[in-house]
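One structure is given below, encoded as structure tokens.
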Amino acid sequence: MARIGVFICWCGENIARNVDVEQAATQVAELPGVACALAYKYMCSDPGQSLIRQKIASEHLTGIVVASCSPHMHLRTFRKAAAAEGLNPYLVEMANIREHCSWVHHDRAEATAKAVELIRMAVAKVRCDHALQPIAIPVTRRALVIGGGVAGIQAALDIADAGYQVVVVEREPSIGGKMAGLSETFPTLDCSQCILTPRMVDVGQHPNITLHTYSEVESVEGYLGNFKVTIRKKARYVDVAKCTGCGQCWNACPSKKTPSAFDYNMGTRTAIYVPFPQAVPARPVIDRNACLHFLKGKCGVCAKKCQAGAINYEDQDTSVVEEVGAVVVATGFQLYQIGKERNGDGTVGYGEYGYGEYPDVIDSLQFERLVSASGPTGGEIRRPSDGQVPKTVVFISCVGSRDNAKGLSYCSKICCMYTAKHTMLYKHKVHDGTAHVFYMDIRAGGKNYDEFVRRAIEQDGAQYHRGRVSKITQENGRLIVRGVDTLVGEPLTVEADLVVLASAMRPADGVEPLAQKLNVGYDENGFLSESHPKLRPVETNAAGVFVCGACQGPKDIPESVAQATAAAGKVLVMFGHEKLAREPEIAKVNETNCAACFTCVRACPYTAIEKAEIRDRKGNLVKRTARVNQGLCMGCGTCVALCPSKSVDIEGFTEQQVYAMLESLE
Amino acid sequence: MNEANVFQPKIIAYVCNWCTYLGADLAGTNRLEYPANVRIIRLPCTGRIDFNLIVKAFERGADAVLVSGCHPGDCHYTAGNYHARRRWILFRQLLETLGIDANRVHFSWISAAEGKKWQQVITEITEKTKALGPYTAYREICQEC
Amino acid sequence: MLDELRQTCRRLLQDGAVQAVIGYGRASPDDPAVPVFISKPEDVDQLVWDDRCFANLTKYLSRKEVLSLGKLAICVKGCDERALLVLEKESQIDRSQITVIGLACDGVGQPRLAKCESCDVHMPRRADIVVGKATVPDADAGAKRYAEIEEFLKRTPQDRMAYWKKELSRCVKCYACRQVCPMCYCRQCIVDKNRPVSISTSATLKGNLAWQITRAFHLAGRCVGCDECTRACPAGIDLRLLNLSLAKAAEENFGYRPGMDPDAEPIIGAYSQQDHEEFIR
């Protein structure tokens, strides 16, 4: 027999002004199952809560209704109070007679009548409540970091330094990411490799970090706290355990003409190679599309040179399964493909700039390699076509960014800063050269950022022209850049030796299939979606999966690092518990009735429903059924609406409860 | 008390917990007055709101039903509102075929920030339903037992 | 064609490729064909094929006692065959375990049933074996598909409701419409659920309407239009109209016809961000 207690709050004058709380109490006291109904000035106050607790004990209440403010305000408060008195917290319901009643209805009689009805609905609901226990999910305290750029490195080191095991997966032969290829960084002009490589070494040597380079995530199973990740390790043809990284092999390799991806095709590499000298691990891989052994069936120079016997032409891709409790995605970015078709949608952007056609039109990452001391020119700025030092360089910003017509709608955020940096680096190396910049406007928000841009203009003499470039042509070995200076209001043509395009930032290739494996959302540009743009910026809607760095949106190094540390922090919060408690107000399948049409499986936004089989003791199939994974279900109830036989229901919002509420209406 | 002869429609609103319910909360916080005819039933998500709840509301004497949730792209559960929208497209066709008055079934997206919109939607639905009068056609169906 | 059908079934049974054939038989000369379940090669002469073979036999694929016969072959017309695809998509059958005998069909009933007038699947398309040859559907068959519902929707809403009130007041809640429907395979139908009672079980107008809304909507994006519900209804209620209205909505809004395209994603349990919403404020 239900014994419901109803506690009506005055909320000072907030409720009592428009709702006759005493009359409401008198009325609802008559409802079937209501053992007591009383009003009090502030139910959420200590004395208010004590009153509830006293009544739970003295009246032997089996459920309570608090008629006060929004459940978003105080449901947790009253659940706690009930739990403290030994009443299951899920036997507490609220009637929102403040936000939904006294504050919006000023006719006292009407408001009181509605308040009574709202309480009646809550009483009807609480009578169908049943006690629920929080769901405990065990946690594997081991993390996976996908992507070994600066964000992934930071996240991995933070988690590892806190004492937990970390697995890092990087698809290139070395970690380091885009930052390893940069020259110097804004706004301090410190050398990128000098600050990054020590951290790469830390990752390589950390006792808590397992590094899988030249590897990709193949599949992800499981859920929050209990992921099973299959990682495909691509064949390196070099036994990493035997190899000492001495370099005999790549120095001797006769195939030397492959464009170096690390140099963005500005230089070449051998068939057996490490992408750059400071690579971690400092172990080569063989590119079988360039290796004479694989192409022609002869050569074998590297195998002969290798004293450690580490070359293995028979090497195969292998898979490893890593069990982890949390995943940090840090897959970074790539540049917008200028003048080429964008993935799928067939848009061709900026063919008029001649990128890919004129060798001296390059993108900003290529320019980074030209300026870098470790780059193909040893840090001397020489243009690709003839190796001459360019005396006039034009930098064009917003190529692909902020352009709804041909490019991407968003601002890539970092281009204004690195373009200013590029003009400075150029000027520092070519003292008699001139740098021109065509820009839309300069976005230099950040500590010491605007000062930095001012320095480029005022001290290093960069010529900034506000306006866009319409066309670039090549005449007599020079590039004719036709644009406009909108501040002067005149067309402007610059004859340049080199043009650098600040191409837009896009998420790295392959992030969408990865996101699908992880069940993480992404936007129309492919950037991964955070759970909440303000309050949950590194969480995703896939519980236990976090994001950081440029895979989530354009950002610079300090922001990527900060976000990586934030993601690591969230992982550590998770790892602070042996078991995670999850809300029990989630879906539950009546497996006997389930007809196994699996519409719910297709629809579930969290892939929280799986196809399961019920077998008898002998192992014979009795029936198939949908089954809810309690670690994944978030309790949206999409499955309930779709299930024709209502063999699935949501605890706390059951079909029966909704019906009871409807029935209670007069 | 209201005049006995003034028709006060019964309006049932099924709303999602994260957008429209909070939008209605905000209307309260901002003291935006609206008619007292609406009864809110809070559910986790519009994805949970099945057609049978609309039918049931009419059976229980509702003169109008509102179903409201997060705007597309804003669903707390990523996609529940998209699933709901697709079902409503189909369900509305069935209602049309049955001759159930489309003016009595309302759908809206009201975000947690749209307290004002909540006020407007409820006010308009109430006025409209008052003009339509009680849904006697459906009540007759339910009384013939 | 009948000989060919019988021979095909005899061979399947003799070879042991299947243990039973679900087909049409005749109980009395004046009545429509009845389902028969043939397990012995010598019994294949019980099989019939004519324009009184109305039943959609796919319904029996979810019956336990039929499944216990062993590996099955089933006779389907082009329209019935669509149900197989839906059942397959909904994990109810393992298509690889069933031999599908497609029957070329120019329509059933005298006069032809309404569904046959606009039929565009005279020849089964995904059957393992096709028996017979059928005429090519009229080029404008598809255009007539929703003619009846379009005509019905020209009436006023009040008129429509009055129509259904009148029709549904005759419903006796025998659930024949459910029993013959190949898509009604739930282990416990929502209408039989009693905690909570979703649909009033008494045969009152209230319960009858709620039941038909539920039945029709549960078939949204799933009904293949075999019209067995309409044929089975002892009260002669034109349930086809309800199914047709949802089929129309599915095709007009989502370009989807259940059971037609094996590569098409079922529309229920899925969504598109582009789904229209002009009706939502």
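The values are calculated or read from the model by the stated rules, or taken from the named source; none is laboratory data. Remember, predicted model here, so these are calculated numbers, not experimental data. Reconstructed Cβ throughout: ideal geometry from the backbone, glycine too, with neighbour counts over all protein chains shown. For accessibility, only protein heavy atoms count, side chains too; no ligands or nucleic acids. Shrake-Rupley method; radii C 1.70, N 1.55, O 1.52, S 1.80 Å.
Estimated translational diffusion coefficient (Stokes-Einstein, Kirkwood radius over Cα pairs, 10 °C, 1.306 mPa s) of the range A:222-272: 113 µm² per second. Excluding same-chain neighbours fewer than eight residues apart, the aspartates and glutamates reachable from residue A:80 by a Cα-Cα span under 18 Å are A:46, A:93, A:129, A:583, A:585.
Temperature 4 °C, viscosity 1.567 mPa s: under these conditions the Stokes-Einstein estimate for the range B:8-143, based on its Kirkwood radius over C-alpha pairs, is 87 µm² per second. What the Kirkwood sum gives for the range C:88-192 is a hydrodynamic radius of 17.6 Å, with every pair of different alpha carbons counted. With distances taken between every two different alpha-carbon atoms, the range A:248-305 has a Kirkwood hydrodynamic radius of 11.5 Å.
Panel note: contact residues of the range B:93-115 (accessible area lowered by at least 10 Å² against the chain on its own; 1.4 Å probe) correspond to B:93, B:94, B:96, B:97, B:98, B:99, B:100, B:107, B:108, B:109.
When the surface is traced with a 1.4 Å probe over the full set of protein chains, residue A:38 keeps roughly 40 Å² accessible. For residue A:10, nonlocal amide neighbours, meaning residues 5 or more places apart or on other chains whose placed amide H falls under 5 Å from its own, are A:40, A:41, A:42, A:43.
With 5 Å bins beginning at zero, the pair-distance distribution over Cα atoms of the range A:335-506 amounts to 2, 9, 18, 22, 22, 16, 8, 2, 0 %.
Quick check on the range A:587-650: what are the equivalent-ellipsoid semi-axes from the Cα gyration tensor, as sqrt(5λ), descending, whole Å?
On the way: eigenvalues 85, 30, 17 Å².
Sorted largest first and rounded, they come to 21, 12, 9 Å.
Size of the dipole of the range A:335-506 about the Cα centre, Lys and Arg at +1 and Asp and Glu at -1 on the beta carbon, nothing else charged, in debye to 20?
Working: 22 positive and 21 negative charges, 89 e Å.
Around 420 debye, computed over the range A:335-506.
The distance between label points at residue A:610 and residue A:535 comes to 3.2 nm (points 7 Å beyond Cα on the Cα→Cβ vector). Highest-first packing order for the peptide set A:154-162, A:89-97 is A:89-97, A:154-162, based on the mean count of other beta carbon atoms within 10 Å.
What does the average come to when, for each residue of peptide B:30-40, you count the partner chain Cβ atoms lying within 10 Å of its Cβ? Working shown, then result.
Details: counts 3, 5, 2, 5, 2, 4, 14, 3, 3, 10, 6.
Average per residue, whole number: 5.
Springs between Cα atoms under 10 Å define the GNM used for chain B, and in it the highest mean-square fluctuation of B:67, B:55, B:38 occurs at B:55.
Over both sides of the B-A contact, add up the buried accessible area with a 1.4 Å probe and give it to the nearest 100 Å². Present the calculation step by step, with values, prior to reporting the outcome.
Details: alone 8390 and 30050 Å², together 34630 Å².
When B and A are taken together, about 3800 Å² of accessible area is lost.
Among beta bridges identified by DSSP and lying wholly in chain C, the antiparallel ones come to about 35 percent.
Place a point 7 Å from Cα of residue A:620 in the direction of its Cβ. Which residues in the range C:73-107 have their backbone N less than 18 Å from it? Under 18 Å, as judged by backbone N against the label point of residue A:620, lies no residue of the range C:73-107.
Taking the square roots of five times each eigenvalue of the Cα gyration tensor of the range A:184-320, the equivalent ellipsoid has semi-axes of 27, 23, 15 Å, listed largest first.
If A:473, A:423 are ordered by their accessible area, calculated over protein heavy atoms with a 1.4 Å probe, which sequence runs from highest to lowest? Show your work: numbers first, answer last.
Working: A:473 30, A:423 0 Å².
I get A:473, A:423, largest accessible area first.
Across the alpha-carbon atoms of the range A:445-523, the computed radius of gyration and Dmax are 19.2, 54 angstrom. Computing Rg and the Kirkwood Rh from the Cα coordinates of the range C:2-139 gives a ratio, Rg/Rh, of 0.94. In the range A:4-128, what percent of the accessible surface is made up of carbon and sulfur (1.4 Å probe, ligands and nucleic acids excluded)? For the range A:4-128, the apolar C and S fraction of the accessible surface comes to 50 percent.
Over the protein assembly as shown, the reciprocal of the mean inverse Cα-Cα separation, the Kirkwood hydrodynamic radius, stands at 34.1 Å. Taking the DSSP beta bridges with both ends in the range A:335-506, the antiparallel portion is around 45 percent. Residues whose amide H comes within less than 5 Å of that of residue A:391, counting only those at least five positions distant or on another chain, are A:497 (H built at 1.01 Å from N in the peptide plane).
Take each residue of peptide C:177-185, count the partner chain Cβ atoms within 10 Å of its Cβ, and average: the result is 1.
Taking square-rooted eigenvalues a ≥ b ≥ c of the alpha carbon gyration tensor, is the range A:56-164 rounded, prolate or oblate, where a/c under 1.5 means rounded and, failing that, a/b exceeding b/c means prolate?
Values: a/c = 4.16, a/b = 2.11, b/c = 1.97.
Cα axes put the range A:56-164 in the prolate bin.
Backbone geometry of the range C:243-254 corresponds, through the Karplus equation with coefficients 6.51, -1.76 and 1.60 at θ = phi - 60°, to 3J(HN,Hα) couplings of 4, 5, 5, 6, 5, 4, 4, 5, 6, 5, 8, 10 Hz, x marking Gly and Pro. The heavy atoms of residue A:413 offer some 100 square angstrom of accessible surface to a 1.4 angstrom probe.
Applying the Karplus relation 6.51 cos²θ - 1.76 cosθ + 1.60 with θ = phi - 60° to the range C:116-127 yields 3J(HN,Hα) values of 6, 4, 10, 6, 10, 10, 4, 9, x, 9, 10, 6 Hz, where x marks Gly and Pro. Both radii were evaluated on the Cα set of the range A:1-95; the Rg over Rh quotient, with Rh as the Kirkwood radius, amounts to 0.93. Per-residue 3J(HN,Hα) values for the range A:412-424, derived from phi via the Karplus relation 6.51 cos²θ - 1.76 cosθ + 1.60 with θ = phi - 60°, read 7, 6, 9, 5, 4, 6, 6, 5, 4, 4, 4, 5, 5 Hz in sequence order (x marks Gly and Pro). Working from label points 7 Å from Cα in the Cα-to-Cβ sense, the residue A:218 to residue A:592 distance is 4.2 nm.
If you take every DSSP beta bridge fully contained in the protein assembly as shown, what fraction is antiparallel? Give it as a percent rounded to 5.
Values: 62 of 141 bridges.
In the protein assembly as shown, approximately 45 percent of DSSP beta bridges are antiparallel ones.
Beyond 27 Å between alpha-carbons counts as too far, so tell me which of A:413/B:117; C:166/C:248; C:64/C:193; C:77/C:173; A:517/C:89 fall in that bin. Among A:413/B:117; C:166/C:248; C:64/C:193; C:77/C:173; A:517/C:89, the Cα-Cα distance tops 27 Å for A:413/B:117; C:77/C:173.
Estimated at 0.36 nm per residue, the fully extended path between residue A:248 and residue A:666 surpasses their Cα-Cα distance by 141.6 nm.
How would you rank A:368-381, C:219-232, highest first, on the average number of other Cβ atoms within 10 Å across their residues?
Numbers: A:368-381: 19.6, C:219-232: 24.0.
Going by the mean number of other Cβ atoms within 10 Å, highest first, we get C:219-232, A:368-381.
The residues C:39, A:560, sorted by heavy-atom accessible surface at 1.4 Å with ligands and nucleic acids left out, run C:39, A:560 from largest to smallest.
Volume per residue for the range C:157-235 equals 104 cubic angstrom (convex hull of Cα atoms).
The fraction of Cα-Cα pairs per 5 angstrom bin, counted from 0 for the range A:158-203, comes to 5, 18, 24, 21, 17, 11, 4 percent, rounded to whole percents.
Taking a quarter of the surface of the convex hull around the Cα atoms of the range A:437-571, what do you get in nm²? Kindly include the intermediate steps, with their values, before the conclusion.
Numbers: hull surface 45.6 nm².
For the range A:437-571, the mean projected area of the Cα convex hull comes to 11.4 nm².
Evaluate peptide C:194-203: per residue, the Cβ atoms of other protein chains within 10 Å of its Cβ; return the mean as an integer. List each step's numbers first, then the result.
Numbers: counts 0, 5, 12, 2, 10, 4, 3, 0, 1, 1.
Mean shielding by partner chains, rounded to a whole number: 4.
Solvent exposure of the protein assembly as shown, expressed per residue, is 40 Å² of accessible area, with all protein chains present and a 1.4 angstrom probe. Determine the share of the range A:587-650's accessible area contributed by carbon and sulfur atoms, expressed in whole percent, with a 1.4 angstrom probe. Looking at the range A:587-650 in its full context, I get 47 percent from C and S. The solvent-accessible area of residue A:333, taken with every protein chain present and a 1.4 Å probe, is close to 40 Å².
Where a Cα-Cα gap under 19 Å defines reach, which lysines qualify for residue B:130, not counting those fewer than 8 residues away within the same chain? Within the straight-line limit of under 19 Å, residue B:130 reaches these lysines: A:114, B:10.
Largest accessible area first, the residues C:211, A:250, B:18 order themselves as B:18, A:250, C:211 under a 1.4 Å probe with ligands, DNA and RNA left out. Comparing chain C with the 2.2 N^0.38 Å rule of thumb, its C-alpha radius of gyration ratio is 1.04 (two decimals).
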